[in-house]
Structure formats: structure tokens, C-alpha cells
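J.: Pasting in a structure now, in C-alpha cells, and then I'll have a few things to ask.
Quick note: the coordinates plus some simple rules give every number you see, no bench work behind them. Being a predicted model, the structure only gives us computed values, none of them experimental. Ideal geometry is used to build each Cβ from the backbone, glycine not excepted, and the neighbour counts take in all protein chains shown.
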């Protein structure tokens, strides 16, 4: 081989090697997660407290991940449409969802296309809802005990709203009403924004909701009759819990982020770490405080165990309340 041919061959090999290295680097860069925006489903209408909390998480996670996390609102079905969307989502980490407690409860009440244990990847637990039983200020009662007396005198004529059939506030009120021996008329809404409009507009006189009602409580338009936690809310320290009023009903509602089944553990870890980091973000903590939502962190492993345990516990709860779905 001549020097010219040898030099040409070596140059060709060099170009091929450089091209291979370049392609490898490009593929490695392209394969790194995440390298494009991520969709986070909030299964509630925009404008409510639940939506505000999810947007705070999305904004903070965007900074942690280095890509934009975009909120996609999918209201309806008691907050479970995000779980349903995971059935058709790719398990690549670019579509995830909030998993409210109703996700584990609704399959016991009606036929759902998903199984919350088998069809979802539980990524990280973040926080949880606290609820209050709230009345329009124009009602003829001022305390929970007064409301019970009014409901007994007017069976089935006192209405209350919730964020949907099968949601935690719906079942909490039904459990309380059963223990109090009263009959209330349940009216479901698609989310907390619609619920707030209904009670402020006088369409309903009672509701069970998260504490986004506080501005109207301060204005005197709404009145908190009781809260449903184990202890009094720091937002309304003078308001008793339902249990303090004499009925042993406690309702707490943790939630976190989940994705489709069969997600790569490496991708799960990246998402877990990013959302865990949001719990140190002052803006996120400020938003959680606004709605009286405590930090309830659960690792991927703990959150997965929680899902299994909660799915079984909700089955027993629904059976106890006599709301188990009938077989076709």
C-alpha cells in the first residue's frame, strides 16, 4: 500500500471512528431522561385548590428536572381519570399523574378500566388533603350539632356538595351522617372550583372540601362547622373536629405521583428524586400551608406498599358502608 493509500485509509478509519463516537455521544445525550417536557395530569378542573397545589409541584419539579413539567387537567370520575390515562401512556416517564385516594376506592364501587395495584407505578408520596364541613353563612345553624338537629327535623332536605361520588369527602360525610343518624342529599361536582361556586352562589348549603374556603370564611360568607382530621386544623384552631363533636369519623387523604406500569427503575428514580426535592421548596411549602396540607413523603417502595394496603383497606371500608358495586 502506498503512503497516499495508507494515509487515505487511516483518515477514513479516523472519520469512521469519529462518526461512531459522535453517534454514541448523540444517542447517549438523546437517551438521557428527561430531554423533553413532561406531562403531569391533575385530575381536577383548573382554578381550584387541588389544581393550585399540583401547579406548585409542577413548577418546582421543572427546575429540578431541567425540563418543563406541564399540567394537563382531566376532571371527572372522582379524580380517577389520571389513573385511567396511564393505561394508554408510554412507560417512558413523560406522562405521569396525581393519584388521589379515590383511585384505590372507586374500583370497589363501580367497574373501572384500571387496577390501582397492577396497572400503575407508584413513584413518590408527597402530601395529603384535610377536609372541613362548611356551611353557607345564611343557614339556620352555627355548629355541627345544630346542623345534625336541623337535618333530623328535615330528613333528606339538607344538601351537601363534594368533589365527586366516591371521593374522600363524599364518603367521610356519608360515614358521619350514618353515625349521626341523619339523611343528607349528596350533590357531586367535578372539582373544588365548581364546588366553591355552588356554595357561594347558594345552590348548596353545605359542602365538604379542602381549606380553599378560608378567604370566604374570613369575609363571613362561609362558616366551618367542623374539620375531619385527627386534630384541629391550624387554619381554624377554634373549630372542633367531627370526633370532638361526638362522632368518631376521621378522614385523611394522602396522595402522590404515579405513572404507567413497567416503568424503567432508573426513570422512576429520577422522577422520585425531583419530586422529593420539591418538598424542600419554600414556594411549595407555602402553597401546602395555604390549604392545610402536611408533607407526607413516601419513597417509591413505601408508596407501593401503601397502595396495596390502601386498596385492601378501601375494599373493607366500602363494604362496611354498603356501597360495594354490584356484579353485572
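J.: Tell me the angle of helix 3-31 to the major Cα principal axis of the chain, expressed in degrees between 0 and 90 and rounded to the nearest ten.
T.: 0 degrees
J.: Calculated from DSSP H runs of 4 or more alone, at -39500 (n - 2.57) each and per residue, what is the 222 nm mean residue ellipticity of the chain, nearest 500? If you can, show how the numbers build up before the last one.
T.: Values: 11 runs with 140 residues, N = 328.
Taken over the chain, the calculation gives -13500 deg cm²/dmol.
J.: Now, a different point. For the chain, modelled as a Gaussian network with Cα springs under 10 Å, which listed residue fluctuates most, 161, 201, 76?
T.: Looking only at 161, 201, 76, the largest GNM fluctuation is found for 201.
J.: Moving on to the next point. Assuming 0.36 nm per residue, please report the length gained on full extension of the stretch residue 31 to residue 137 beyond their Cα-Cα distance.
T.: Details: separation 106, 0.36 × 106 = 38.16 nm, distance 5.68 nm.
Extra length from residue 31 to residue 137 when fully extended: 32.5 nm.
J.: Compute a Gaussian network model of the chain, connecting alpha carbons closer than 10 Å, and tell me which residue from 255, 131, 141 fluctuates the most.
T.: Result: 141 has the largest fluctuation of those listed.
J.: Could you tell me how many degrees, from 0 to 90 and to the nearest 10, lie between the Cα long axis of helix 49-65 and the main elongation axis, the longest principal axis, of the Cα atoms of the chain?
T.: Compared with the principal axis, the helix lies near 20 degrees.
J.: Still on this structure, please answer the following. Does the chain come out rounded, prolate or oblate by the C-alpha gyration tensor, with a ≥ b ≥ c the root eigenvalues, rounded set by a/c under 1.5 and, if not, prolate when a/b is larger than b/c and oblate if not?
T.: Details: a/c = 3.25, a/b = 2.44, b/c = 1.33.
Prolate.
J.: Further question: In degrees from 0 to 90, rounded to the nearest 10, what is the angle of the helix 265-278 Cα long axis to the longest principal axis of the chain?
T.: 50 degrees
J.: Taking the beta-carbon count within 10 Å as an exposure proxy, list 96, 224 from fewest neighbours to most. Show your work: numbers first, answer last.
T.: Numbers: 96 27, 224 20.
The fewest-first ordering by Cβ neighbours comes to 224, 96.
J.: If you count the DSSP beta bridges with both ends in the range 132-227, what percent of them are antiparallel, to the nearest 5?
T.: On the way: 9 of 15 bridges.
Taking every DSSP beta bridge with both residues in the range 132-227, the antiparallel ones total about 60 percent.
J.: Additional query: What residue among 241, 266, 127 has the largest mean-square fluctuation in a Gaussian network model of the chain, using Cα springs under 10 Å?
T.: Of the options given, 266 has the highest mean-square fluctuation.
J.: Also, I was wondering about something else. In percent, how large is the relative contact order of the chain, given Cα pairs closer than 8 Å and 6 or more residues apart? Walk me through the numbers before you get to the answer.
T.: Details: 609 pairs, mean separation 86.4, N = 328.
Relative contact order, the chain: 26 percent.
J.: Something else: Please report the antiparallel percentage of the DSSP beta bridges confined to the chain, to the nearest 5. Let's see the in-between values first.
T.: Values: 22 of 37 bridges.
Antiparallel bridges: around 60 percent, rounded to the nearest 5.
J.: A further question on this structure: Is the shape of the range 132-227 best called rounded, prolate or oblate, per the rule: a/c under 1.5 gives rounded, else a/b larger than b/c gives prolate, else oblate, with a ≥ b ≥ c the square roots of the Cα gyration tensor eigenvalues? Please report the intermediate quantities before stating the final value.
T.: Numbers: a/c = 1.62, a/b = 1.16, b/c = 1.39.
Verdict is oblate for the range 132-227.
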